[in-house]
Amino acid sequence: MNKFLSYITLLLATSITLTSCSSDDNKGSEEELVGKNTVTLTFDHKMFGQEMQFGTAYKANGNNEEINADFLKYILSNFQLINDKGKAFTYPKDSGYFVIDSETKDYKVVLKDVPAGRYEAIKFGVGVDREKFLKGQTDQQEFWDLCKKHDLTWSWITGYKFINYQGEFKNVDLTKRFSFHIGSHGTSQDNYRDTTIKTTNKIVVNATTAPNVVINVEVSKMLDSTHKIILKEKPMIMVDAVNAPKIMENAITMFSIAKVNAQKSL
C-alpha cells in the first residue's frame, strides 16, 4: 500500500513539474519577442500564376484578350500589421508612402522599427488617401518628386496617378495599345482603396528577426476580377468616373501573401 501511495505521489509530482515547465516555456516564448526590427515586403508580379515577364504576350484572359504589358507602376501606402490578438501596429503616416515600378525594378517596401510581435495580416492602401492629398503639395514635396520621377503624377490640381499600366492587347483580329492612368482626379473623385491580406504563417518580428514577406501580385486581375474591363471597348482609361473606380476595385484583389521568410539580423 505504501509503495502504491508513493508511486501515485511520484506521478502527481512529475505531472505538476511538467505542467509548470510547459507553462514556463510558453511564457518564455512570449517574452522572447522583444525589441523592434525591419519588415521587408517584396512584391512578386504574376500573370496567370506564373512569373510575369514584361514585354511578353500572354494567353487570352476571361475577356478573350491577350495582354503584352510594357510596365506596371503603382503607389502603396498606409501600412498596418495586425497581430494574433487583433491589435494593429500602424506604420508612421509621414513615412508610409511607397512606389512599386517594374521599369526601375523597385519591388520592395521596407518598414523600419516594427515592434516585436506575431503578425497575421497586413493592411495597406493602393494610391494616396484624401487626407494626405489635402495637406497640400508642400507637405509632401519629397514624395511628389519621387512619384514624378516614376511617372506617377499629373499636375498638382489633378494629383497622383495611383496606377500607371501600359502595353498592347489583342482581341481576335484587333491589336492595339492600352493605357491606364488611374488616380483620384483631384478632389472631385476619391479612388483610393485599401485591402487586408492574411497569412497562416505568422510574421514573427523581434530584436533578432527581420522577416521578408513575399506578396504575390496577380496582374491579370487588373482587367478580370470583381469587374471585367474590356480593352476593346475602351483601351485608354484616365480621368474616367465610371471605369477608374472599377479598376481600383480590381487592383486590390491582386495581392496575396505567398510566403514568410524569417531572416536573422545582427
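A short reminder: the numbers here are calculations on the coordinates, not readings from a lab. The structure displayed is predicted, hence computed values, not measured ones. Don't worry about glycine lacking a Cβ; one is built from the backbone with ideal geometry, like all the others, and counts go over all protein chains shown.
Phi angles across region 165-180 convert, under the Karplus curve 6.51 cos²θ - 1.76 cosθ + 1.60 with θ = phi - 60°, into 3J(HN,Hα) values of 10, 9, x, 10, 9, 10, 10, 6, 9, 9, 10, 8, 7, 10, 8, 10 Hz, Gly and Pro given as x. For region 56-70, the Karplus equation 6.51 cos²θ - 1.76 cosθ + 1.60, evaluated at θ = phi - 60°, returns couplings of 10, 7, 10, 4, 5, 7, x, 9, 6, 10, 8, 10, 10, 8, 7 Hz by residue, with Gly and Pro reported as x. For residue 162, the residues 5 or more places off, or on other chains, whose built amide H falls under 5 Å of its own are 182, 183, 184. Binning the alpha carbon pair distances of region 105-193 at 10 angstrom intervals from zero yields the distribution 13, 37, 28, 17, 4, 1, expressed in whole percent.
Identify the residues of region 247-266 with backbone N under 20 Å of a label point that sits 7 angstrom from the Cα of residue 202 along the Cα-to-Cβ direction, or state none. The answer is 257-265.
Remark on residue 263: its backbone amide H falls under 5 Å from those of 210, 212, a criterion applied only to residues 5 or more positions apart or on other chains, H modelled at 1.01 Å from N. Computed on the chain, with alpha-carbon pairs under 8 angstrom and 6+ residues apart, the relative contact order is 23 percent.
Assuming charge only on the beta carbon of Lys and Arg (+1) and of Asp and Glu (-1), the dipole of region 98-193 about its Cα centre is about 140 debye to the nearest 20.
For trypsin sites (Lys or Arg not before Pro), the sites in region 149-238 that DSSP calls loop and that have at most 16 other Cβ atoms within 10 Å are 232. Contact order, relative form, for region 148-266: 29 percent (alpha carbon pairs under 8 Å, 6 or more residues apart, mean separation divided by residue count).
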